[in-house]
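Here's the structure, in structure tokens; my notes come after.
The values are calculated or read from the model by the stated rules, or taken from the named source; none is laboratory data. No experiment lies behind these values; they were computed from the predicted model shown. For neighbour counting, all protein chains shown are included, and Cβ atoms are generated from backbone atoms with ideal geometry for every residue, glycine included. The area values use the complete protein model at the heavy-atom level, side chains included, leaving out ligands, DNA and RNA. Shrake-Rupley method; radii C 1.70, N 1.55, O 1.52, S 1.80 Å.
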Amino acid sequence: MQENPDNTTHFGFKTVEEDKKVELVADVFHSVAAKYDIMNDVLSMGIHRIWKRFTIDCSGVRQGQKVLDLAGGTGDLTAKFSRIVGTKGEVVLADINDSMLKVGRTKLRDMGIEGNVSYVQANAEELPFPDNHFDLITIAFGLRNVTDKDKALASIYRVLKPGGRLLVLEFSKPVYTPVEKFYDFYSFNILPKLGKLIANDSESYQYLAESIRMHPDQDTLKEMMNNVGFEGTEYFNLSAGIVALHRGYKY
Amino acid sequence: MPLTNLLCGLLETGVNQLHQLDSSAVSKRKQLNGTIIAASLKELKLPLYFIISEQQVDVLNKFEGEPDCTIKVSFQALNKLQDNRQLTQLIKSGELEVDGDIQLVQQFAMLLTDMQIDWEEHLSQKVGDVIAHKFFQHAKKAVQTTQTQYKRIEKQSSLYLTEEVKVAPSALEVAYFSDQVSRLESDTEQLLNKINNKLEKQLNDLSQSKVLADKK
Ligand SMILES: C[S@@+](CC[C@H](N)C(=O)[O-])C[C@H]1O[C@@H](n2cnc3c(N)ncnc32)[C@H](O)[C@@H]1O
């Protein structure tokens, strides 16, 4: 759906050449990596923790399984998965951005998480893993940054085991107009200012707000998942649709 | 759904925060490392899954794997779980249902309830020895005062109930009442005896007059 005839794509509201988007997104996350966790808590007022808990509830993950936390950033989900799958399981934290990976790795090591987690720098569009490899793949607040989302979804489908599931946690379209209005105001007026205040980086948070608006809504994303082969696809609106969790199975 | 997520989150944070202060928590978690325990209150029907690792305790409200041990316990029995001797008792009385290793249940109960926290020590790290010590002196005093106050209130409220509103009888009244009851009891007994005697006498008279009549 991002494929334009002239090879351009969205970077927030700006239209840029496709191979430049990767670089631009990289810049954004390089510059926010260090303060990423604090910003997450401040900007979502801590609610992102609840969204992530819900994601884990829907994951069905068990002892001994193989999990890929894609666009895993600072590894919130990885930490939980690592403890659930235990010593016989395996979690891969993959991210395109090595600054985020480094912050993630340091954070998890400090928490004492070691042994069953590995760190891989990878682009979601071309995952460097064998076919049918993972029981579970999650991508939380990552898909909207990916240039070619269809390609990423297809690549995810390939490395997922039959019987495995994909969970996409992502900003979405609020289901009530008042919520949408408030939310718009928040993302375009307050969010960049907070970003400037805390991380001294209003541009990155301006991009965040814009990228959220350009992201496909609930039903479009569901369609996109079905198109690459996912079955039993469904989504759950969280916080009135500000965020949605999509779940699909590979059979 | 997100409400139970919130609940689990709060519970998890609470337990782990306390564990950070508890000097015995790390070794207890090490013993249980990798154990998953499903626990639910009989009253609530909301299962919680406790995933215990060396690093912390995670609390989930959904889990599709196989827990190592499943516990169902009634609310009142919660604080009895710690006690080794009471466990079998609780199981017999049906207040506790265990599917799995009973020893795990006990270790788990200890992990959550038997925390060794030196509050004074922790506070002194934050504010210095002197203040911490003072604070705890005051706190102890406050506890004592509350206890005496509580006793006073208890006494006063019983006075109020007995004298002012007369909902409950005073001790004297109770004594008087029970005196009356026993008096009534003995009176009744005497009366019964008298009736008995009378009846027997009449029966005797009757049979004697019958004998006399026969002789005639
Ligand atoms: C908003 S963060 C989310 C981090 C984490 N999942 C969380 O929920 O806190 C988005 C992450 O996506 C990564 N990312 C962006 N484009 C990517 C791509 N094409 N492939 C893999 N990761 C990508 C970024 O580097 C960044 O770390």
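Odds and ends about this structure:
- Taken over region A:49-58, the criterion of being more than 7 Å from chain B (Cβ to nearest Cβ) and open to solvent by 10 Å² or more (accessible area, probe 1.4 Å) is satisfied by A:51, A:52.
- Count - residues of region A:146-155 that are among the acidic types (Asp, Glu) and part of a helix (DSSP H, G or I): 1
- Wholly within region B:37-136, strands (runs of 3 or more DSSP E) carrying at least 2 residues that are free of Cβ contacts under 8 Å to residues at least 40 places away in the same chain and within 14 Å of another protein chain (Cβ to nearest Cβ): B:48-52
The rows are residues; the columns are (1) more than 14 Å from chain B (Cβ to nearest Cβ); (2) in contact with a His (Cβ under 9 Å, 6 or more places away or on another chain); (3) away from the ligand (no atom under 16 Å from the Cβ).
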{"residue": "A:174", "(1), (2), (3)": "yes, no, yes"}
{"residue": "A:179", "(1), (2), (3)": "yes, no, yes"}
{"residue": "A:200", "(1), (2), (3)": "yes, no, yes"}
{"residue": "A:214", "(1), (2), (3)": "yes, yes, no"}
{"residue": "A:242", "(1), (2), (3)": "no, no, no"}
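- Test result for residue B:120, surrounded by fewer than 16 Cβ atoms within 10 Å (Cβ to Cβ) and more than 23 Å from residue B:4 (Cβ to Cβ): yes
- The condition of being touching a Phe, Trp or Tyr at 6+ places or on another chain (Cβ under 9 Å) and either under 30 Å from residue A:184 (Cα atoms) or within 12 Å of the ligand (Cβ to nearest atom) (or both) holds for residue A:43.
- Matching option when the condition is open to solvent by 20 Å² or more (accessible area, probe 1.4 Å) and closer than 23 Å to residue A:39 by Cβ, among A:196, A:161: A:196
- Candidate set from region A:89-104 (those that are charged (D, E, K, R) and at pLDDT 95 or above); member that is nearest to the ligand (Cβ to nearest atom): A:95
- So residue A:41, is it free of Cβ contacts under 8 Å to residues at least 60 places away in the same chain, in a helix (DSSP H, G or I) and more than 12 Å from chain B (Cβ to nearest Cβ): yes
- When every residue of region A:14-32 is checked against the conditions, none turns out to be away from chain B (no Cβ under 13 Å), in a loop (DSSP other than H, G, I, E, B) and farther than 25 Å from residue A:163 by Cβ.
- Test result for residue A:80, farther than 17 Å from residue A:149 by Cα, within 13 Å of the ligand (Cβ to nearest atom) and within 14 Å of chain B (Cβ to nearest Cβ): yes
- For region A:59-71, the candidate set comprises residues that are under 14 Å from the mean Cα position of the chain (by Cα) and open to solvent by less than 10 Å² (accessible area, probe 1.4 Å); within that set, the residue that is farthest from the ligand (Cβ to nearest atom) is A:68.
- In the condition set (1) farther than 30 Å from residue A:64 by Cα; (2) within 13 Å of the ligand (Cβ to nearest atom), residue A:122 is compliant with all but (1).
- Among the candidates A:136, A:127, A:167, the residue that is away from chain B (no Cβ under 14 Å) and either over 15 Å from residue A:80 (Cα atoms) or surrounded by 17 or more Cβ atoms within 10 Å (Cβ to Cβ) (or both) is uniquely A:127.
- Within region A:233-251, if we keep just the residues that are charged (D, E, K, R) and farther than 10 Å from residue A:55 by Cα, the residue that is most open to solvent (accessible area, probe 1.4 Å) turns out to be A:234.
- Condition check for residue A:107: more than 9 Å from every other protein chain (Cβ to nearest Cβ), more than 9 Å from the ligand (Cβ to nearest atom) and farther than 17 Å from residue B:54 by Cα: no
- Evaluated against (1) open to solvent by less than 60 Å² (accessible area, probe 1.4 Å); (2) of a type in the set (Asp, Glu); (3) under 30 Å from residue B:51 (Cβ atoms), residue A:90 falls short on exactly one condition, (1).
- Subset of region B:23-36 [surrounded by fewer than 17 Cβ atoms within 10 Å (Cβ to Cβ) and more than 9 Å from chain A (Cβ to nearest Cβ)]: B:23, B:24, B:26, B:27, B:30, B:31
- All told, residue B:62 falls short of being farther than 17 Å from residue A:60 by Cα and either open to solvent by 30 Å² or more (accessible area, probe 1.4 Å) or not aliphatic (A, V, I, L, M) (or both).
- The residues in region A:9-39 that are of a type in the set (Phe, Trp, Tyr), open to solvent by less than 50 Å² (accessible area, probe 1.4 Å) and more than 17 Å from residue A:150 (Cα to Cα) can be counted, and the count is 2.
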